[in-house]
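Working notes, beginning with the structure itself.
The values are calculated or read from the model by the stated rules, or taken from the named source; none is laboratory data. Keep in mind that this is a model prediction, so the values were computed, not measured. Cβ placement follows ideal geometry from the backbone for every residue including glycine, while neighbour counts extend to all protein chains displayed.
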Amino acid sequence: MTYDFAPLFRTAIGFDRLARLVDTAANAPTVNGYPPYNIEKIGDSDYVLTMALAGFSPENVDVSLVDNTLIVKGAVPEATRRGEILHRGIASRAFERRFVLADHIEIRGAELSNGLLTIAIERVTPEALKPRRIPVTTGKPASVSDHERQPVPAQAA
C-alpha cells in the first residue's frame, strides 16, 4: 500500500520525517514475536519498555540509541549441554529489536532483573517548545528589527 502525502506537504512544513516513518513501517518485513515485549505509558511523559529475556545476562544484551532508533540486541553463547534436550520451550536465540523514537525522547536507563529487561524512557519537552506568554504593551508598535535586537522573554503561563 502506498500513501500520498502531497496534500500534507502543501500546508505543513517539516513533516518529511513522518512520511518516511510511515513508509518504512508500511514496507517493513514481518517481524517474528521474539522476544516478547510490552510498552507502557506510566505518566504524562514517562514510558517503560519491558522485554522478556529468560536466560540472558546483562553481558549478553546490548542496548544502544542511534539516530532516534532504540536498538536492543541479544546473543547467548552456546551453553555446555548436560544431557539430551527432550523439549526446548525456552528460546535463547540471538535477536535484534528496533524501536523508532519520536523527537525529544530520552533513554533514562536499562535494567535486567529476573529475566525482564526494563528500559526507562522519557519525553523531554525543550524550553523552546513549551508554551510561553507574550507580553502585550502599549505605545509605539515594535518593528521586526526591534524584536531581532531584543527577544521576547519567556514568562510562566
* Taking the options Gly109, Gly139, name whichever one is at pLDDT 90 or above and on the phi > 0 side of the Ramachandran plot. => Gly109
* To do: State yes or no: is Arg93 touching a residue at least 24 places away in the same chain (Cβ under 8 Å), assigned by TED's automatic domain parsing to the domain that holds Asn38 and within 30 Å of Glu127 (Cα to Cα)?
  => no
* **Qualifying residue in segment 66-83 (condition: under 23 Å from the mean Cα position of the chain (by Cα), in a loop (DSSP other than H, G, I, E, B) and either surrounded by 10 or more Cβ atoms within 10 Å (Cβ to Cβ) or modelled with pLDDT of 90 or more (or both))** => yes
* Test Glu111 against the criterion of being under 15 Å from Phe56 (Cα atoms), of a type in the set (D, E, K, R) and surrounded by fewer than 12 Cβ atoms within 10 Å (Cβ to Cβ), and give yes or no. => yes
* To do: Answer with yes or no whether Ser57 is polar (S, T, N, Q) and modelled with pLDDT under 95.
  => yes
* What tally of residues in segment 118-132 results from selecting those that are polar (S, T, N, Q) and either surrounded by 13 or more Cβ atoms within 10 Å (Cβ to Cβ) or modelled with pLDDT of 85 or more (or both)? -> 1
